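To start, the structure under review is shown below, and the notes come after it.
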Amino acid sequence: MTVFGAVLLHVLLYHAALSTAAAAEDQDKPLVVIGEKGTTIVLPCFGSPGSDTLLVTQWKKSGQILVTHNNTQPPPTGHLSVQTNGSLKITDLMFLDEDEYECMPAPKNSDSSSRTILLRVADGPNNIAIKTEPATALPNGTRYIQKGTNVSFNCSSESTPSQNLTWYFGDVSRAFGTAPSLNFQISNVQPADQGNYTCRAQNFLSNKTVTRSQELLVYYAPDRHPNCSWEQASQSDLVLLSCSWYGGYPTPTLQVFLVSEQSPEPKAVSTSVTENLVVTLNRTMLNDGLNVTCLGQFSELKPGHEKSCSFILKSPYPVGAPLVATLEGTNVTLGCSEESSLPPAKTVWQRGKSQVVIVPSSKYILTVQGPVLTLTIVNVTKDDEDVYFCYSENVVAARELEVYLTVRSSADNSGAVVGVFISVLIVVAGITLGFLAYSRRDRICLSIGLEEDRTDVMSLVESDDEDVFHNAVPRLPPVSNGHTPTNTTTLVEIHRIQS
């Protein structure tokens with residue numbers, strides 16, 4: 001035999017010896033059997049020769065004879081009963097049954113040795129209960145709490161001999177302990193804390209596990225107000241009101257209603273549990289100055305704290321120059337502005353009494369700059385002289401601005417220039433005459449239209465002396481025919497003598 005073979009044989013013999021020793025040691029230890037309280041358990045009889053040769057079976061409890069059975073008689077019934085193969089059947093297991101048991105068969109099987117059995121009785125977990133406070137229960141058993149509050153979770157269970165309690169949020173352990181109850185808290189609850197919370201109770205002895213779950217919802221309203229927007233429908237007398245309110249839980253209740261000055265009582269149009277409510281409004285329901293409101297409601301919002309968005313409807317009012325004049329062969333631009341309407345009005349240019357809508361072409365150029373809509377007519381002719389309409393319409397009403405376009409020819413322009421020139425000459429002549437009259441203001445005419453060149457003249461001399469002149473002014477002698485002129489003039493001249 002080689003050295004390697006000798007070493008291998010030695011190792012095998014050593015392991016065989018260890019296995020035999022371990023088996024002998026296991027035979028010395030009692031076999032632990034665990035049973036649940038209230039159930040039925042069967043303890044095996046070690047050393048029994050079998051039901052054919054077994055005559056008498058005796059079971060001991062804590063070394064004391066518990067029950068003896070003669071195999072020639074039928075198996076007994078009751079709490080304790082020995083079966084034909086010598087096993088002990090215990091019905092409706094109780095804590096009093098927890099002890100060491102040993103089977104003493106007769107005759108005994110010489111090939112097997114007897115072994116004691118340690119019976120352990122476990123109970124539970126039972127009556128597991130969970131509480132979530134403060135929280136409000138819904139009809140389906142789910143509980144909800146408002147965002148920002150503090151919530152407490154409690155789990156309790158009955159288990160013998162002991163148990164392990166664990167709280168889970170999803171698959172994450174939040175708290176654990178071995179006491180009959182387990183608590184943990186969450187401060188300032190947020191939407192991320194919404195979900196299923198599970199309490200798990202496990203009996204240390206039997207490993208029996210029981211779980212109980214509770215779904216917790218976190219209610220919260222969006223920080224912002226609902227958003228109201230308009231969308232023009234296919235018909236001009238219809239409009240789509242969209243009211244959306246996202247970012248809250250659960251789904252809010254949106255309500256659209258109308259309030260007019262004539263009737264302060266709100267008139268509900270539509271109500272729905274949704275995050276986006278679309279309502280079709282027609283012209284027969286609306287008027288100028290009507291208040292359209294969308295009210296958002298959440299269960300956790302107190303009455304009077306609802307959030308809303310609203311519009312005050314306004315009919316369109318286009319403004320612009322009503323009279324426009326231009327010359328043939330030039331380009332002319334008609335302007336119109338409409339920015340007061342709500343919802344925003346649709347504005348177009350129309351022509352003539354039939355109000356034909358003008359479409360962009362090489363003749364007509366339409367330009368939109370914010371609220372201003374302009375119409376440029378290229379190479380104006382006499383045929384373009386007409387009435388034009390700036391037509392604005394929204395769901396509330398339709399309004400139009402009339403613009404009269406006058407087209408003049410080049411001949412009409414020459415006459416206008418001549419007329420302006422004559423007017424300027426007249427104005428200049430008037431200014432000149434006025435200046436001359438003002439420069440000769442020291443001559444005072446007492447009469448106009450002399451028939452004879454006869455004039456009385458009185459000269460007054462201003463001097464430093466304060467003597468008053470008292471002499472009468474002599475009149476001119478009569479004319480040769482003995483008559484004085486019908487119209488005579490006396491000219492008074494005042495002279496200042498320098499001292």
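Of note:
- Full-stretch length increase - Phe95, Leu433 - with 0.36 nm per residue and alpha-carbon distance subtracted: 107.6 nm
- Each label was represented as a point 7 Å from its Cα along the Cα-to-Cβ direction; for Ser229 and Val259 these points are 2.5 nm apart.
- Estimated FRET transfer efficiency (Val56, Val172; beta-carbon r; R0 45 Å; 0.05): 0.15
- Solvent-accessible ranking of Lys60, Lys382, Lys346, largest area first, probe 1.4 Å: Lys346, Lys382, Lys60
- Added length on full extension, which subtracts the Cα-Cα distance from 0.36 nm per residue, Phe184 to Phe311: 40.9 nm
- Rounded percent of accessible protein surface that carbon and sulfur make up, the stretch 117-190, 1.4 Å probe: 47 percent
- The figure for Met94 is an accessible area of roughly 80 square angstrom, using a 1.4 Å probe on the protein chains alone.
- Accessible area of His305 in the full protein assembly, 1.4 Å probe (Å², nearest 10): 110 Å²
- Charge tally in the Cβ shell below 13 Å around Arg174, where Lys, Arg are +1 and Asp, Glu are -1, Arg174 excluded: -1
- Net +/- balance of residues flanking Phe153 in space, Cβ distance below 15 Å, scoring K and R +1, D and E -1: +2
- Comparing Gln369, Gly352, Gly289 along the charge dipole axis of the stretch 274-378, the residue lying farthest to the positive side is Gly352, per the Cβ-charge model.
- With only the Cα atoms considered, the stretch 80-124 has a convex hull volume of 89 Å³ per residue.
- Accessible surface computed residue by residue for the stretch 212-361, with neighbouring protein chains in place and a 1.4 Å probe, gives 54 Å² per residue.
- Each Lys or Arg adds one and each Asp or Glu takes one away; over the other residues whose Cβ falls under 9 Å from the Cβ of Ala397, this sums to 0.
- Subtracting the Cα-Cα distance of Thr280 and Glu385 from their residue separation scaled by 0.36 nm leaves 33.6 nm.
- Legend: residue pairs Lys89/Lys208; Lys61/Lys208; Lys353/Lys382; Lys37/Lys108; Lys267/Lys307; Lys267/Lys302, Cα-Cα distance threshold 20 Å; pairs beyond threshold, Lys89/Lys208; Lys61/Lys208; Lys37/Lys108; Lys267/Lys302.
- Cα-based shape type of the stretch 181-320, given that a ≥ b ≥ c are square roots of the gyration tensor eigenvalues and the cut on a/c is 1.5: prolate
- Ellipsoid equivalent to the stretch 113-204 - semi-axes via the Cα gyration tensor, in Å: 35, 13, 10
- Percent accessible area from carbon and sulfur atoms, the stretch 240-325, protein chains only, probe 1.4 Å: 54 percent
- A Förster distance of 22 Å, applied to the separation of the beta-carbon atoms of Glu158 and Ser87, puts the FRET efficiency at 0.10.
- Zone of Leu301's modelled label, taken as backbone nitrogen in the stretch 208-237 under 11 Å from a point 7 Å along Cα→Cβ: 221-227
The values are calculated or read from the model by the stated rules, or taken from the named source; none is laboratory data. Model, not experiment: these values are computed from the prediction. Glycine also receives a Cβ, built like all others from the backbone with ideal geometry; neighbour counts cover every protein chain displayed. Accessible surface areas use protein heavy atoms only, side chains included; no ligands, DNA or RNA. Shrake-Rupley method; radii C 1.70, N 1.55, O 1.52, S 1.80 Å.
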